[in-house]
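The structure appears right after this line, and notes come after that.
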Amino acid sequence: MRRVVWMVAALAGALALAACGGGAGAADGATGATEGDGGTAKPLTITDPWIKAAEEGAHMTGAFGRLTNLTTEDIHVIGATASITERTELHEMVSNGAGTPVMTEAEDGFVIPAGGEFVLEPGGNHLMLMELDAVIEPGEFVEFTLEFDGGGSLTFEAEARTYAGANEDYEGDDGSGEH
Ligand SMILES: [Cu+2]
């Protein structure tokens, strides 16, 4: 008797697997039109990327936006490059000894939680363009690439905006030679 029960259970399992397979196949067919996007689907996206316009002699400026992790694993951003300078850093805000928030390089990079968001904004985490020689006019686009730990990257363009803020003090060498 016990043996019969086992066989029935095994048969039910096989049917469930078959149903699963069929379902997946049908889904593939239904989404065939967008399959091309599937191969290049980005694990990380950025919404509303922008960069603070920079005047002659600014030497530094910040870039911002909202990062969204579309995967089920944390994404660790360990570096950034920008098209208009050799040196771009991942910055965070920390408190200096006197309790004043200052920006500094995020030594461990940025971790975008699985399925979550990570905001880059003035006064918070941001991308910092250092040793900047170029003038960045409002409306101009600057290309960025974020590099992930273990490979992978996100490339995007940020539009320059006139912005009066984001003038946080910097704890470190800004490369301008003025300090
Ligand atoms: Cu900064």
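Just so you know, all these numbers are worked out from the coordinates, no wet-lab data involved. Given the structure is predicted, the values throughout are model-derived calculations rather than measurements. Ideal geometry is used to build each Cβ from the backbone, glycine not excepted, and the neighbour counts take in all protein chains shown.
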The exposure ranking of His59, His76, His126, fewest beta-carbon neighbours within 10 Å first, is His76, His59, His126
The ³J(HN,Hα) series, computed from each phi in the range 78-94 with the Karplus coefficients 6.51, -1.76 and 1.60 at θ = phi - 60°, rounded to the nearest Hz and given as x for glycine or proline, is 10, x, 9, 10, 10, 6, 10, 8, 7, 10, 10, 10, 8, 10, 10, 9, 10
With the 8 Å Cα cutoff and a minimum separation of six or more residues, the range 69-164 has a relative contact order in percent of 34
Using alpha carbon positions and the Kirkwood radius, the Rg to Rh ratio of the range 73-179 is 0.96
For 78-84, 119-125, ranked highest to lowest by mean beta-carbon neighbours within 10 Å, the order is 78-84, 119-125
Expected sort for 107-113, 97-103 on mean C-beta neighbours within 10 Å, highest first, is 107-113, 97-103
So, with points 7 Å from each Cα along the Cβ direction, the Glu55-Met93 label distance in nm works out to 2.4
Among Thr104, Ala134, Thr162, the residue whose Cα sits farthest towards the positive end of the charge dipole of the range 95-179, when +1 is placed on the Cβ of each Lys and Arg and -1 on the Cβ of each Asp and Glu, is Thr162
Rg/Rh of the range 47-131 (Cα atoms, Kirkwood Rh), to two decimals, equals 0.99
Counting Lys and Arg as +1 and Asp and Glu as -1 over every other residue whose Cβ sits under 11 Å from the Cβ of Asp48, the net charge comes to 0
